[in-house]
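K.L.:
A single structure is presented below for examination.
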Amino acid sequence: MFGQLPSTLQNSGDLVMLDLSGNHFSGSVLAWIGDKLSSLVILSLRSNNFDGHIPHKICDLQFLQNLDLGHNNISEVIPKCFRNLLTGNIPDNIGNMELMESLDLSMNRLNGEIPPSFSNLNFLNHFNVSYNNLTGQIPISTQL
């Protein structure tokens, strides 16, 4: 599928899972998802062509447990409702995001070590993981 997300999805208020990953949808992630699809537990828009920002209305999805927006062209600021909410380890393959310029994971509940692949982030100019439970050293690279 391609183009914008179908507006007919707005009529699916009882939808619990929406997986549109692996398509060719484009444009921005529409704010009405937070208003009209209020029962969503799983939202996956992975591997599409979305751009712009994550709308703050996504924060209105009070039942949301799994949000996957990976492999898109989303940029700008992550909504503040996602703070103190990230738990677990930083993924080992984070170094695959080689063009990342800024990463702020501060004030969450991350634990474990910063993966060695972090040294692949050669364009990183801002990095903040303060106020977490991380252990070990920051991997050595030209940027860190």
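K.L.:
Would you mind getting me the FRET efficiency between ASN84 and GLN137? Use the beta-carbon distance for r and R0 = 35 Å, nearest 0.05.
P.N.:
0.90
K.L.:
Tabulate in residue order the Karplus-calculated ³J(HN,Hα) for the range 111-120, using 6.51 cos²θ - 1.76 cosθ + 1.60 with θ = phi - 60°, rounded to whole Hz; enter x for Gly and Pro.
P.N.:
Per-residue couplings from phi come out as 9, x, 9, 6, x, x, 5, 4, 5, 7 Hz.
K.L.:
Leaving out ligands, DNA and RNA, and with a 1.4 Å probe, what % of the accessible surface on the chain is carbon or sulfur?
P.N.:
On the chain, the fraction of accessible area on carbon and sulfur atoms equals 51 percent.
K.L.:
What percent does the relative contact order of the chain come to when contacts are Cα pairs within less than 8 Å and at least six residues apart?
P.N.:
16 percent
K.L.:
If you count only protein heavy atoms and use a 1.4 Å probe, how large is the accessible surface of THR8, to the nearest 10 Å²?
P.N.:
100 Å²
K.L.:
Next up: Please give the contour-minus-distance gain from ILE42 to ASN96: 0.36 nm per residue of separation, less the Cα-Cα distance, rounded to one decimal in nm.
P.N.:
Roughly 17.0 nm would be gained on extension.
K.L.:
Over the chain, average the accessible area per residue using a 1.4 Å probe and give it in Å², no decimals.
P.N.:
Here the per-residue accessible area is 62 Å².
K.L.:
Show me the ranking of peptides 38-50, 61-73 by mean Cβ neighbours inside 10 Å, starting with the highest.
P.N.:
Highest-to-lowest ranking by the protection proxy: 38-50, 61-73.
K.L.:
Further question: With charges only on Cβ, +1 for K and R and -1 for D and E, what is the dipole size of the chain about its Cα centre, in debye, rounded to 20?
P.N.:
Around 240 debye, computed over the chain.
K.L.:
Now for a different question. So who's got an amide H within less than 5 Å of the one on LEU110, skipping anything under 5 residues away but keeping other chains? H placed 1.01 Å off N, in plane.
P.N.:
Those lying under 5 Å, H to H, from LEU110 are ASN133.
K.L.:
Taking amide H positions as placed in the peptide plane 1.01 Å from N, state which residues far from LEU5 in sequence (5 or more) or on other chains have amide H under 5 Å from it.
P.N.:
The answer is SER26.
K.L.:
Once amide H atoms are built 1.01 Å from N in the peptide plane, which residues 5 or more positions from PHE50, or in another chain, come under 5 Å H to H?
P.N.:
Correct list: ASN73.
K.L.:
Follow-up question, since we're still on this one. Divide by every residue of the chain the summed helix terms, -39500 (n - 2.57) for each DSSP H run of at least 4, and state the resulting mean residue ellipticity at 222 nm, rounded to the nearest 500 deg cm²/dmol.
P.N.:
Here the helix-only value at 222 nm equals -500 deg cm²/dmol.
K.L.:
Once a ≥ b ≥ c are taken as the square roots of the eigenvalues of the Cα gyration tensor of the chain, is the result rounded (a/c under 1.5), prolate (a/b larger than b/c) or oblate (a/b not larger than b/c)?
P.N.:
Prolate.
The values are calculated or read from the model by the stated rules, or taken from the named source; none is laboratory data. Given the structure is predicted, the values throughout are model-derived calculations rather than measurements. Methodologically, a virtual Cβ is constructed for each residue, glycine included, from the backbone with ideal geometry; neighbour enumeration extends over all protein chains shown. Just the protein is used for accessible areas: all its heavy atoms, side chains included, with ligands, DNA and RNA removed. Shrake-Rupley method; radii C 1.70, N 1.55, O 1.52, S 1.80 Å.
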